[in-house]
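Okay, structure first, notes after.
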Amino acid sequence: MPPADARPRTVTLLGVPYDANSSFLRGPAKAPALIRQALASPSSNSWSESGEDIGAGFEDAGDLALPQDCLSAFSAIENAVGEQLARGARLLVFGGDHSITFPVLRAFGKKYSDLTIVHFDAHPDLYDEFEGNRFSHACPFARIMESGVARRLVQVGIRTMNAPQRAQAERFGVHVIEMRQLASLAQAGLSGPIYVSFDLDVLDPAFAEGVSHWEPGGLSVREAIGLIQGIPAPVVGADIVEYNPERDASGRTAMVCAKICKELAARMLA
Ligand code: MN
Ligand code: MN
């Protein structure tokens, strides 16, 4: 029996607990369960700042059971996302390391021919290969732009640009808003449909310690929320990736994930 159609005014959560393409530390595979726990925590409520009761509007599709092998895992992720999109789900994906955004977007690219990606990250993730791995979490946006699944890529919060990745950004026509130039997304001239890929390390490690790659000089949580709320076009899907519970003994970064999740969901329902 095919899965039932998605309910209107809901956002579907899907966990993708896969971190085998991480270059420095493992841990993000443990993220989805902890983000859900933080979302349900009685220490906060389930409302977005815009006055939307997001808690009432979540459908939980659970976590995928994934093999370690990269290509098998990627095809399982693409299939699962494709099934959700076929039933009309508005999908919010919890990674996992950032490599999972490539198979997620392969499925989105089949449904949307004119997708713009708004990519929040300290890192461009545009390497052609990293330490011999073309599917590394340092490479997803090279694979995404090569495969033509999105019309446009806008990167926000970048503060580790180097020569090989700058060449890749030029090759793919990426619009890069580096941290040092950041004012607002208005300058990017965004139009829909939009997919938001939110790498938690776009935030300053002072606000989000629970990531593998600490890169000082990043966004505050407040600035990130302002940018999400200010996206001037329909958001059809999103992911939150690179939360590493192994570096979040206090659980504070899980609450940051839950907050970003609520604000992304509100933007998706707007
Ligand atoms: Mn990333
Ligand atoms: Mn990053």
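The values are calculated or read from the model by the stated rules, or taken from the named source; none is laboratory data. This one's a predicted model, so the numbers in the text were calculated from it and none came from an experiment. Virtual Cβ from ideal backbone geometry, glycine too; neighbours counted across all protein chains shown. In case anyone asks, the SASA skips ligands and DNA or RNA and just uses the protein heavy atoms, side chains included. Shrake-Rupley method; radii C 1.70, N 1.55, O 1.52, S 1.80 Å.
Of the heavy-atom accessible surface of the chain (probe 1.4 angstrom), what whole percent is carbon and sulfur? Display every interim value, and only then the final one.
Working: 5630 of 10660 Å².
So the carbon and sulfur contribution to the accessible surface is 53 percent.
Add +1 for every Lys or Arg and -1 for every Asp or Glu among the other residues with Cβ under 14 Å from the Cβ of Phe130, and state the total. Write out the running numbers ahead of the final one.
Working: positive: Arg134, Arg143; negative: Asp97, Asp125, Asp128, Glu129, Glu131.
Net local charge, Phe130 excluded: -3.
Give, as a single signed number, the net charge of other residues whose beta carbon lies under 12 Å from the beta carbon of Asp63, with Lys and Arg counted +1 and Asp and Glu -1. With Lys, Arg at +1 and Asp, Glu at -1, the net is +1. Accessible area per residue for the chain, computed on protein heavy atoms with a 1.4 Å probe, is 39 Å². Dipole magnitude for the range 157-234: computed about the Cα centre from +1 point charges on Lys and Arg Cβ and -1 point charges on Asp and Glu Cβ, it is near 240 debye. May I ask which residue of Gln84, Thr160, Gly218 lies farthest towards the positive end of the charge dipole of the range 11-269, with charges of +1 (Lys, Arg) and -1 (Asp, Glu) on Cβ and the Cα centre as origin? Farthest towards the positive end: Gln84.
How much mean residue ellipticity at 222 nm does the chain get from its helices, if each DSSP H run of length 4 or more adds -39500 (n - 2.57) and you divide by all residues, to the nearest 500 deg cm²/dmol?
Details: 7 runs with 80 residues, N = 270.
Taken over the chain, the calculation gives -9000 deg cm²/dmol.
Each Lys or Arg adds one and each Asp or Glu takes one away; over the other residues whose Cβ falls under 13 Å from the Cβ of Ala206, this sums to -3.
Provide the convex hull volume over Cα atoms per residue for the range 182-270, in Å³.
Values: hull volume 7.4 nm³, N = 89.
Hull volume normalised by residue count: 83 Å³.
Would you report the distance distribution of C-alpha pairs in the range 11-269 as whole percents per 10 angstrom bin, up to the bin with the largest distance? Here the calculated profile for the range 11-269 is 8, 35, 41, 16, 1.
What's the magnitude of the charge dipole for the chain around its Cα centre, counting Lys and Arg as +1 and Asp and Glu as -1 at the beta-carbon? Answer in Debye, nearest 20. Write out the running numbers ahead of the final one.
Details: 24 positive and 32 negative charges, 114 e Å.
My answer is approximately 540 debye.
Over the range 1-91, the pair-distance histogram of Cα-Cα distances with 5 Å bins from zero comes to 3, 12, 19, 20, 19, 14, 10, 4, 0 percent, rounded to whole numbers. Positive end of the dipole of the range 133-270, charges at C-beta (+1 Lys, Arg; -1 Asp, Glu), about the Cα centre: which of Gly237, Ile177, Pro193 has its Cα farthest in that direction? The residue sitting most towards the positive pole is Pro193.
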